[in-house]
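Reading through the structure tokens given below for one structure.
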Ligand code: ADP
């Protein structure tokens with residue numbers, strides 16, 4: 001209420017002339033005057049208004065003043081409203097009764113205006129003062145509320161910025177030990193003097209611990225501490241509940257006496273219904289962690305941390321499965337490759353023996369093409385698994401792009417010929433050289449040519465154009481074939497992605513080729529782009545590489561393979577645990593008029609070599625029992641074994657395999673399926 005606001009006064013009397021008198025007397029007070037002519041009317045007004053004082057005539061017909069007063073007192077809101085009784089006959093009894101009904105004062109009639117005014121004014125002022133006090137109190141409450149709200153907002157802000165910071169920190173890494181270190185760091189010194197984060201990646205694996213201490217001097221043996229805490233950590237992990245250890249020093253925590261711990265809280269880290277680990281808070285002094293707001297923060301932090309750790313563990317799981325898949329792919333490709341060697345050998349034998357038989361030659365050519373296709377697929381598979389495991393090394397040298405492109409054209413020409421497609425090749429007049437791995441560069445171009453032929457109808461046209469512009473060399477392979485819808489243009493470079501995945505339209509591919517091309521291009525610091533206006537509109541693939549004008553190579557014509565050089569008489573021992581492989585190779589060599597012996601395991605190989613002293617050994621590496629490396633080492637230890645030429649024939653062509661071969665004393669490391677001309681050359685040399 002405003003200080004200037006008028007206060008309300010009620011006068012109750014059954015006589016209107018008396019009411020008039022009151023009005024005249026009280027007018028000077030300049031307050032708001034209400035009048036009632038009966039107890040009932042007075043009660044009605046009291047319900048509606050808040051009166052500073054009520055003047056009540058004791059003698060009224062019907063409900064008299066005393067009765068009216070008692071009813072007013074009964075109402076909670078008006079139980080303290082001052083009442084002044086007006087009466088003509090004051091005696092002891094009445095007075096007692098009046099006070100018992102809560103009267104505050106009496107006025108004797110006939111009334112003295114001065115006294116009446118003075119008495120009423122006292123109550124009016126009192127009422128005003130009371131209202132003022134109430135107003136001030138309300139203001140204070142309001143202020144206190146605002147203050148509390150501000151504090152709460154500040155606290156909420158503090159909490160949320162801590163949690164924001166925590167989320168940021170936790171999302172910065174995907175490595176488990178790192179995330180655990182960061183988490184421990186977030187807790188110290190905010191909540192504890194030391195914090196140990198423990199995670200059990202899966203139920204069959206040991207728990208990993210990572211701890212952070214506030215002061216370096218305080219640092220105790222992490223192992224001792226973790227051992228001491230292990231029962232509580234395990235209990236929290238199995239129950240999913242926080243565990244508090246009070247007065248741990250009294251619980252025989254002697255091994256860590258340098259750090260007298262007064263309290264421990266082991267907080268579970270729960271995500272997706274599993275407790276992944278705990279955060280243990282250790283303090284030397286009175287409770288830091290138990291304070292309520294800290295507990296709320298710790299609860300919130302632990303649920304965020306658990307989600308982050310859960311994600312990391314999931315990722316680890318995915319990585320592990322991916323690694324196993326890659327391993328499987330590598331082994332699969334390797335195993336698929338093994339039978340290709342005897343097949344290729346057997347084919348060569350057939351073709352040599354049946355030189356004049358046209359049907360055999362045609363069938364042989366067909367088998368040869370299928371073998372080449374299968375070898376290419378298997379090689380691609382091997383390449384992919386090497387690339388994904390980061391095991392591929394490029395052998396960079398300066399290459400003449402013209403030579404590389406023509407090698408790729410030669411390797412793929414039969415596709416164009418068999419589909420009566422026209423292949424145009426356009427070169428700029430000048431020589432263009434690149435720092436590149438010639439094998440991989442040929443593979444890039446051959447792959448694009450291969451696809452262009454595959455995805456273009458017979459009699460279609462393909463153009464290969466080499467350009468040099470400023471600092472770039474670009475190779476474009478353009479066809480007028482089936483084209484690529486725009487939504488697939490980015491995806492076709494992903495592993496195992498094909499535009500049409502139906503088996504009948506797969507053209508015998510696996511969706512690997514372009515992934516390899518892109519990776520090889522990137523390993524040459526180049527770029528690949530695809531352009532196609534859509535279905536049936538043809539496609540163009542452009543690869544570009546940085547151009548360095550200073551690179552040059554002398555032009556050397558490719559050496560002719562020496563098919564007709566007569567073979568000197570030599571003896572060769574073929575060692576392979578795959579009997580077909582060994583036998584077919586032996587047959588091939590015999591056709592070249594070479595004396596050949598075979599062995600199908602390491603021990604037998606050593607025996608035969610000892611007996612026969614062959615001039616050359618074709619040695620398989622992966623054999624059960626004694627492997628090829630061990631055979632080679634044993635042979636090199638013998639005096640007679642120094643001069644023997646040892647050639648490894650193996651499915652493994654990685655750099656480390658070659659190094660291992662060299663260490664074992666092997667002269668040449670050939671990767672299966674081998675080209676028979678290579679062997680012939682080695683024998684003649
Ligand atoms: P693959 O040819 O073994 O399926 P690739 O990785 O070489 O795998 O190619 C992926 C997909 O890209 C192919 O399945 C094909 O749908 C599409 N593609 C590649 N080259 C062409 C092209 N020249 N024309 C149309 N589509 C192509």
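Rule-based calculations on the coordinates, nothing more; no lab input. If you're wondering where the values come from, they're calculated on a predicted model, not measured in any experiment. No Cβ is skipped: glycine too gets one built from the backbone with ideal geometry, and neighbour counts run over all protein chains shown.
What is the angle, in °, between the Cα long axis of helix 579-591 and the longest principal axis of the Cα atoms in the chain? Nearest 10 is fine, range 0 to 90.
That helix lies at roughly 30 degrees to the long axis.
Based on alpha-carbon centroids, what's the gap between region 390-445 and region 1-64 in Å, whole number please?
Value for the Cα centre distance between the two parts: 114 Å.
If r is the Cβ-Cβ distance from residue 67 to residue 142 and R0 is 51 Å, what FRET efficiency results, to the nearest 0.05?
Details: r = 41 Å, r/R0 = 0.80.
Taking R0 as 51 Å, the efficiency between residue 67 and residue 142 is 0.80.
What value, in deg cm²/dmol to 500, does the helix sum -39500 (n - 2.57) over DSSP H runs of n ≥ 4 give at 222 nm once divided by the residues of the chain?
Details: 18 runs with 319 residues, N = 685.
Rounded to the nearest 500, it is -15500 deg cm²/dmol.
Run through the DSSP bridge list for the chain and note the antiparallel percent, rounded to the nearest 5.
Numbers: 50 of 91 bridges.
The antiparallel proportion sits near 55 percent.
Could you give the angle, 0 to 90 degrees to the nearest 10, between helix 513-523's Cα long axis and the longest principal axis of the Cα atoms of the chain?
Roughly 80 degrees between the two axes.
Please give the Cα centre distance for region 308-342 versus region 602-652, rounded to the nearest Å.
So the separation of the two Cα centres works out to 32 Å.
In percent, how large is the relative contact order of the chain, given Cα pairs closer than 8 Å and 6 or more residues apart? Can you show the working numbers first?
Working: 1049 pairs, mean separation 46.8, N = 685.
Computed value for the chain: 7 percent relative contact order.
Got a sec? How would 73, 490 order by Cβ neighbour count within 10 Å, fewest to most? Walk me through the numbers on the way to the answer.
Numbers: 73 17, 490 10.
With the fewest neighbours first, 73, 490 line up as 490, 73.
Given the peptides 264-271, 207-214, arrange them by the average over their residues of other C-beta atoms within 10 Å, most packed first. Before the final figure, lay out the partial values.
Working: 264-271: 23.9, 207-214: 19.4.
Taking the mean over residues of other Cβ atoms within 10 Å, the ranking is 264-271, 207-214.
Sequence gap at least 6, Cα distance under 8 Å: using those rules, report the relative contact order of region 367-487 to the nearest whole percent.
Values: 143 pairs, mean separation 30.1, N = 121.
Here the relative contact order equals 25 percent.
Under the 0.36 nm per residue contour assumption, what length would be gained going from the current alpha-carbon distance of residue 461 and residue 685 to full extension? It would help to have the intermediate numbers written out before the result.
Details: separation 224, 0.36 × 224 = 80.64 nm, distance 4.37 nm.
So the chain would gain 76.3 nm between residue 461 and residue 685.
Rg and Dmax of region 399-550, Cα atoms, in Å?
Here Rg and the maximum Cα pair distance are 14.8, 49 Å.
How do 272, 519 rank when sorted from fewest to most other Cβ atoms within 10 Å of their own Cβ?
On the way: 272 9, 519 20.
If I rank by nearby Cβ atoms, fewest first, I get 272, 519.
Would you mind classifying the chain by shape? Square roots of the alpha carbon gyration tensor eigenvalues, ordered a ≥ b ≥ c; an a/c under 1.5 is rounded, otherwise it is prolate if a/b is larger than b/c and oblate if not. Display every interim value, and only then the final one.
Working: a/c = 4.99, a/b = 2.85, b/c = 1.75.
Prolate, because a/c is 1.5 or more and a/b exceeds b/c.
Using 0.36 nm per residue, how much length does the chain from residue 314 to residue 636 gain when fully extended, once their Cα-Cα distance is taken away?
On the way: separation 322, 0.36 × 322 = 115.92 nm, distance 5.01 nm.
Taking residue 314 through residue 636 to full extension adds about 110.9 nm, to one decimal.
Taking Cα atoms, how many degrees apart are the long axis of helix 65-74 and the longest axis of the chain, rounded to 10 and kept between 0 and 90?
It works out to around 20 degrees.
Round to the nearest 0.05 the FRET efficiency obtained for residue 17 and residue 44 when R0 = 22 Å and r is the Cβ-Cβ distance. Display every interim value, and only then the final one.
Details: r = 22 Å, r/R0 = 1.02.
Efficiency for this residue pair is about 0.45.
Using 1/(1 + (r/R0)^6) with R0 = 35 angstrom and r between the beta carbons of residue 548 and residue 668, what's the FRET efficiency to the nearest 0.05?
On the way: r = 33 Å, r/R0 = 0.95.
It comes out at approximately 0.60.
At a 10 Å Cβ-Cβ cut-off, how would you order 487, 317, fewest neighbours first? Mind dumping the intermediate values first?
Numbers: 487 9, 317 12.
Lowest to highest Cβ neighbour count: 487, 317.
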